[in-house]
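Enquirer: Provided herewith is a single structure, encoded as structure tokens, for subsequent inquiry.
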Amino acid sequence: MFYLRLAWKNIWRNKRRSFITIASILFAVFFAVFMRSMQLGMYAKMIDSVVGSYYGYIQIHSKGYWEEQSLDNTFERSAHLEKEIKTTKDVVSCVPRLEGFALLSFGEQVRGVSLTGIDPNEENNFSSLKNKITKGNYLIQEDKGVLIGEGIAEQLKLKCGDSIALISQGYHAVSAGGKYTIKGIVKLNSSRMNNSTIFMTLGSLQEFYGTGNRISALAINLKEGSNAANVMAAINPKLNVQEYEIMDWTEMLPELVQIIKADSSGGEIMVLILYMVISFGIFGTILMMIAERKYEFGILLSIGMSRLRIITVVLLESIMIALLGVGGGVLFSRPFLYYFNANPITLTGKAADTLRKFGFEPEMPTLLDFSIPLTHGSAVMMISLFLSLYSVFSILKLKPLEASKR
Amino acid sequence: MSLIQVTNVHRVYNETDIPVSALKGVNLSINEGEFTAIVGPSGSGKTTLLNIIGGLDSATDGSLEVAGKNITHLATNELIDFRLNNIGFVFQAYNLIPVLTAKENVEFIMLLQGWEKNKREQRAMQLLEEVGLKEKVNSKPSQMSGGQQQRVAVARALASHPKFVLADEPTANLDSASTNNLLDIMVELNQREQMTFVFSTHDQRVIDRARRVITLEDGQIKSDIYK
């Protein structure tokens, strides 16, 4: 206890120096935490835009479907399997989908589109599709109408109430064709999807393709913060591995993982530079402290204070300074993190257009995950302790007689 | 009874191209309860001798026995321990710990020795009272005069019941009144508790009060006078 008190008092011997050191650690932690929270928050938003609001964190397909996305690789919908999945821990929702391609014909215009068959109620719970309606109405169960992406509507000058013809090849190469009324227009996050996707009820699409009760995927969303690998491990025993494949979003969207990884390395380099700058600052303080107190250490050795005790006091001082800086940085960053989480920075101009093109919302909310301040706080603590080893070595090398000469 | 026995001690510094002999075969015996001043001009070797007696420097040749223990070849860490338990130091520049109060400074040595809190506080209070600083127990060094700081340093040196006190030019930074006051305290402690004091000094006022004066010149004892 005495050493703690002595270390605490020693810190405030040179108030200005201690304040500068603590402030430099505080701002380093603040910037590292804020920067990473914003970056990781943006990634979380990107993942949520693409994964959470459409793909799902996990998907179950017929074995081989992802490699060859054909109607022939669809599987019979099973109420039992869906129930089993829905009751798995951390699963929030599980929706059936049938996906395929078709040619859309309107007047003299023809273009390729992607068809998605959905259960309107379950899909709305899953991806809030109803909220994305910009014109017209959402689908109801057994609806015969379709929802079209805003991009298709603009390009083909389609409006609600118009009839479109769809032609394709159905299950087992049967010919598929039908005429559908546009019930609503949806604005999807991804411009690619916006320009190509048409939603209809699962029953309508199954009828169109002649697939019977078959679906191409079960998309699964998870509770926030849950681990997809753990959920997959829990679902796996419930699946016949010969018949189904289960994939998480990182396997389905490797390009998204790559984009995040590439962008994240830039942030990591920035944090490393920040750490280097703060390291020099802390090291400078330690050098000054050792030079300033060499005489005092010599006297303490002379009167019988062991090196171990002197080292203990000096290390306690370093730990206290680092704790004050780190703690201050973490506390100081919290209000900013909460504010920018609730009021994300919205990108505009070309940057926003680029993000939208990839299906991401151009927003940068901060991530409130406490692991970020914990990681960066611990890193700065470790740097401080590592640099304090210099003072340990200096004290170990100190000769009382030489040190106590002014 | 001999408390400090210095036998044929040599100290040669080889820090430059030309070796410098600071002590040349010094023989000296200091008994318990002595009040000894080691005097001599600058460079005569008095500080070197004091450092060797205090275990802060080692002799190039010869041997040193303190309180019946030969400390000539003790390892550095053993010497630190030896100093803690046997020697009280008073320095020219006081060298109190600036962030601690007078009482905490006096307690410090006892704390290093592992004394219980109550006993430490009691002894510190008693010593500060003896050196006339009862009203300054909670003052920090910066709030005290040089003389007061040196009296705290004496109290600190005596706190752990050392075998003897080594004082290197203890009055060099003090005015006459403070010097006399400090000497009165040390003389009284010497007489009342038979505490052994060994000084290195230039100060005639210290020399006048010492009961034994050892004069060094060119690293050798020139005279050794008991008054």
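The values are calculated or read from the model by the stated rules, or taken from the named source; none is laboratory data. Quick caveat, the model's predicted, so the values are computed rather than measured. Glycine gets a Cβ as well: all are built from the backbone with ideal geometry, and neighbour counts include every protein chain shown. When the accessible area is computed, the model is the full protein with side chains, heavy atoms only, and any ligands, DNA or RNA have been set aside. Shrake-Rupley method; radii C 1.70, N 1.55, O 1.52, S 1.80 Å.
Enquirer: Looking at this structure, is A:Leu398 among the aliphatic types (A, V, I, L, M) and either open to solvent by 30 Å² or more (accessible area, probe 1.4 Å) or more than 30 Å from B:Leu111 (Cβ to Cβ) (or both)? Let's see the steps before the verdict.
Expert: Working: among the aliphatic types (A, V, I, L, M): yes; either open to solvent by 30 Å² or more (accessible area, probe 1.4 Å) or more than 30 Å from B:Leu111 (Cβ to Cβ) (or both): no.
Judged against the criteria, A:Leu398 is not a match.
Enquirer: Follow-up. Quickly run through the stretch B:9-44 and pick out the residues that are under 22 Å from B:Lys163 (Cα atoms), open to solvent by 60 Å² or more (accessible area, probe 1.4 Å) and in a strand (DSSP E or B).
Expert: Residue satisfying the conditions is B:Asn27 alone.
Enquirer: Can you tell me which of A:Tyr65, A:Tyr54 is under 25 Å from A:Ala233 (Cα atoms), modelled with pLDDT under 85 and in contact with a Ser or Thr (Cβ under 7 Å, 6 or more places away or on another chain)? Quick ask: steps written out before the conclusion?
Expert: Details: A:Tyr65 fails: modelled with pLDDT under 85.
After ruling out the rest, the residue left standing is A:Tyr54.
Enquirer: Can you pull out every residue in the stretch B:134-151 that is touching a Pro at 6+ places or on another chain (Cβ under 8 Å), more than 13 Å from every other protein chain (Cβ to nearest Cβ) and open to solvent by less than 20 Å² (accessible area, probe 1.4 Å)?
Expert: Of the residues in the stretch B:134-151, the ones touching a Pro at 6+ places or on another chain (Cβ under 8 Å) are B:140-142, B:149-150.
In the following step, the residues that additionally are more than 13 Å from every other protein chain (Cβ to nearest Cβ) were identified as B:149-150.
Scanning the stretch B:134-151 gives a single hit, B:Gln150.
Enquirer: Could you grab me the full set of residues in the stretch A:105-127 that are assigned to a loop (DSSP other than H, G, I, E, B) and open to solvent by less than 50 Å² (accessible area, probe 1.4 Å)? Spell out the reasoning first.
Expert: Residues of the stretch A:105-127 that are assigned to a loop (DSSP other than H, G, I, E, B), as a first pass: A:107-108, A:119.
Answer for the stretch A:105-127, where residues must be assigned to a loop (DSSP other than H, G, I, E, B) and open to solvent by less than 50 Å² (accessible area, probe 1.4 Å): just A:Asp119.
Enquirer: If you don't mind, there's one more thing I want to ask. Scan the stretch B:110-119 residue by residue and report those that are open to solvent by 10 Å² or more (accessible area, probe 1.4 Å) and either under 18 Å from A:Ser306 (Cβ atoms) or under 20 Å from the mean Cα position of the chain (by Cα) (or both).
Expert: Kept after step one, since they are open to solvent by 10 Å² or more (accessible area, probe 1.4 Å), are these residues of the stretch B:110-119: B:111, B:113-119.
Answer for the stretch B:110-119, where residues must be open to solvent by 10 Å² or more (accessible area, probe 1.4 Å) and either under 18 Å from A:Ser306 (Cβ atoms) or under 20 Å from the mean Cα position of the chain (by Cα) (or both): B:Leu111, B:Gln113, B:Gly114, B:Trp115.
Enquirer: Something else about it: Take the stretch B:202-227 and flag every residue that is over 19 Å from the mean Cα position of the chain (by Cα), outside any strand (DSSP E or B) and acidic (Asp, Glu).
Expert: Within the stretch B:202-227, just B:Asp218 meets the criteria.
Enquirer: Among (1) in contact with a Lys or Arg (Cβ under 7 Å, 6 or more places away or on another chain); (2) open to solvent by 10 Å² or more (accessible area, probe 1.4 Å), there is one condition A:Tyr57 misses while meeting the rest; what is its number?
Expert: (1)
Enquirer: Mind listing just one residue for me: the one in the stretch B:77-95 that is at the interface with chain A (Cβ under 8 Å from one of its Cβ atoms), open to solvent by 20 Å² or more (accessible area, probe 1.4 Å) and not in a loop (DSSP other than H, G, I, E, B) and, of those, nearest to B:Asp203 (Cα to Cα)?
Expert: Once the filter is applied, the top-ranked residue is B:Asn85.
Enquirer: Moving on to the next point. Of A:Gly52, A:Gly64, which residue is open to solvent by less than 40 Å² (accessible area, probe 1.4 Å), farther than 29 Å from A:Ile269 by Cα and not in a strand (DSSP E or B)?
Expert: A:Gly64 is the lone residue from the list that is open to solvent by less than 40 Å² (accessible area, probe 1.4 Å), farther than 29 Å from A:Ile269 by Cα and not in a strand (DSSP E or B).
Enquirer: Please go through the stretch A:353-375 and pick out each residue that is of a type outside the set (Phe, Trp, Tyr), closer than 21 Å to A:Leu253 by Cα and out of contact with any helix residue (DSSP H, G or I) (no Cβ under 7 Å at 6 or more places or on another chain).
Expert: Of everything in the stretch A:353-375, those that are of a type outside the set (Phe, Trp, Tyr), closer than 21 Å to A:Leu253 by Cα and out of contact with any helix residue (DSSP H, G or I) (no Cβ under 7 Å at 6 or more places or on another chain) turn out to be A:Asp353, A:Thr354, A:Leu355.
Enquirer: Another question, then. Pull out all pairs, ordered by first then second residue, where Cβ-Cβ is under 6 Å, the residues are six or more apart or on different chains, the first lies in the stretch A:1-29 and is under 20 Å from A:Leu274 (Cα atoms), and the second is hydroxyl-bearing (Ser, Thr, Tyr).
Expert: A:Thr21/A:Thr285
Enquirer: Counting only residues that are modelled with pLDDT of 90 or more and in contact with a Ser or Thr (Cβ under 7 Å, 6 or more places away or on another chain), which one in the stretch A:367-386 is nearest to B:Leu79 (Cα to Cα)?
Expert: Checked the stretch A:367-386; the qualifying residue nearest to B:Leu79 (Cα to Cα) is A:Ile383.
Enquirer: Can you tell which of A:Thr250, A:Thr211, A:Thr201 is of a type outside the set (Phe, Trp, Tyr), buried (at least 21 other Cβ atoms within 10 Å of the Cβ) and under 33 Å from the mean Cα position of the chain (by Cα)? Steps first, answer last, please.
Expert: Working: A:Thr250 fails: buried (at least 21 other Cβ atoms within 10 Å of the Cβ); A:Thr211 fails: under 33 Å from the mean Cα position of the chain (by Cα).
Exactly one of A:Thr250, A:Thr211, A:Thr201 is of a type outside the set (Phe, Trp, Tyr), buried (at least 21 other Cβ atoms within 10 Å of the Cβ) and under 33 Å from the mean Cα position of the chain (by Cα), namely A:Thr201.
Enquirer: Of the residues B:Ser160, B:Ser142, which is of a type in the set (Gly, Ala, Ser) and over 23 Å from A:Asn10 (Cα atoms)? Even if it seems obvious, please write down each step before you answer.
Expert: Details: B:Ser142 fails: over 23 Å from A:Asn10 (Cα atoms).
Only one candidate passes the filter, namely B:Ser160.
Enquirer: So which pairs qualify, if the first residue must be in the stretch B:122-140 and in a helix (DSSP H, G or I), the second must be open to solvent by 80 Å² or more (accessible area, probe 1.4 Å), the Cβ gap must be under 8 Å, and the two must be at least 6 apart or on different chains?
Expert: B:Met125/B:Lys134; B:Leu128/B:Lys134; B:Lys136/B:Gln143
Enquirer: Could you grab me the full set of residues in the stretch A:356-393 that are crowded, with 20+ Cβ neighbours inside 10 Å and part of a helix (DSSP H, G or I)?
Expert: Listed by number, the residues that qualify are A:Ile372, A:Pro373, A:His376, A:Gly377, A:Val380, A:Ser384, A:Leu387, A:Ser388, A:Ser391.
Enquirer: Tell me, yes or no, whether the stretch B:53-75 has at least one residue that is in a helix (DSSP H, G or I) and either more than 11 Å from chain A (Cβ to nearest Cβ) or of a type in the set (S, T, N, Q) (or both). Give the derivation first.
Expert: First, the residues of the stretch B:53-75 that are in a helix (DSSP H, G or I): B:53.
Next, only the ones that are either more than 11 Å from chain A (Cβ to nearest Cβ) or of a type in the set (S, T, N, Q) (or both) stay: B:53.
Among the residues of the stretch B:53-75, at least one is in a helix (DSSP H, G or I) and either more than 11 Å from chain A (Cβ to nearest Cβ) or of a type in the set (S, T, N, Q) (or both), which makes the answer yes.
Enquirer: Starting from the stretch A:72-95, keep only residues that are of a type in the set (Lys, Arg), then list their pairs with residues that are assigned to a helix (DSSP H, G or I) whose Cβ atoms are within a distance under 7 Å, requiring at least 6 positions of separation or different chains.
Expert: Close Cβ pairs satisfying both conditions: A:Lys89/A:Ala234.
Enquirer: Please find, among B:Val154, B:Val131, the residue that is open to solvent by less than 20 Å² (accessible area, probe 1.4 Å), within 14 Å of chain A (Cβ to nearest Cβ) and at pLDDT below 90.
Expert: Working: B:Val131 fails: within 14 Å of chain A (Cβ to nearest Cβ).
Exactly one of B:Val154, B:Val131 is open to solvent by less than 20 Å² (accessible area, probe 1.4 Å), within 14 Å of chain A (Cβ to nearest Cβ) and at pLDDT below 90, namely B:Val154.
Enquirer: Moving on to the next point. Could you please give the count of residues in the stretch A:12-30 that are buried (at least 21 other Cβ atoms within 10 Å of the Cβ) and either of a type in the set (S, T, N, Q) or within 10 Å of chain B (Cβ to nearest Cβ) (or both)?
Expert: 1
Enquirer: Could you figure out which of (1) touching a helix residue (DSSP H, G or I) at 6+ places or on another chain (Cβ under 7 Å); (2) open to solvent by 20 Å² or more (accessible area, probe 1.4 Å); (3) within 28 Å of B:Lys227 (Cβ to Cβ); (4) within 14 Å of chain A (Cβ to nearest Cβ) isn't true of B:Thr47?
Expert: Among (1) touching a helix residue (DSSP H, G or I) at 6+ places or on another chain (Cβ under 7 Å); (2) open to solvent by 20 Å² or more (accessible area, probe 1.4 Å); (3) within 28 Å of B:Lys227 (Cβ to Cβ); (4) within 14 Å of chain A (Cβ to nearest Cβ), B:Thr47 violates only (1).
Enquirer: While we're on this one: Looking at B:Pro98 and the list (1) in a loop (DSSP other than H, G, I, E, B); (2) more than 10 Å from chain A (Cβ to nearest Cβ); (3) surrounded by fewer than 18 Cβ atoms within 10 Å (Cβ to Cβ), which single condition is not satisfied?
Expert: Exception for B:Pro98: condition (2).
Enquirer: B:Asn173: surrounded by fewer than 21 Cβ atoms within 10 Å (Cβ to Cβ), over 25 Å from A:Leu308 (Cβ atoms) and either touching a His at 6+ places or on another chain (Cβ under 6 Å) or more than 13 Å from chain A (Cβ to nearest Cβ) (or both), yes or no? Full working, then the answer.
Expert: Working: surrounded by fewer than 21 Cβ atoms within 10 Å (Cβ to Cβ): yes; over 25 Å from A:Leu308 (Cβ atoms): yes; either touching a His at 6+ places or on another chain (Cβ under 6 Å) or more than 13 Å from chain A (Cβ to nearest Cβ) (or both): no.
No, not satisfied.
Enquirer: Which ones in the stretch A:128-165 are buried (at least 21 other Cβ atoms within 10 Å of the Cβ) and assigned to a strand (DSSP E or B)?
Expert: Within the stretch A:128-165, A:Val146, A:Leu147, A:Ile148, A:Gly149, A:Ile164 qualify.
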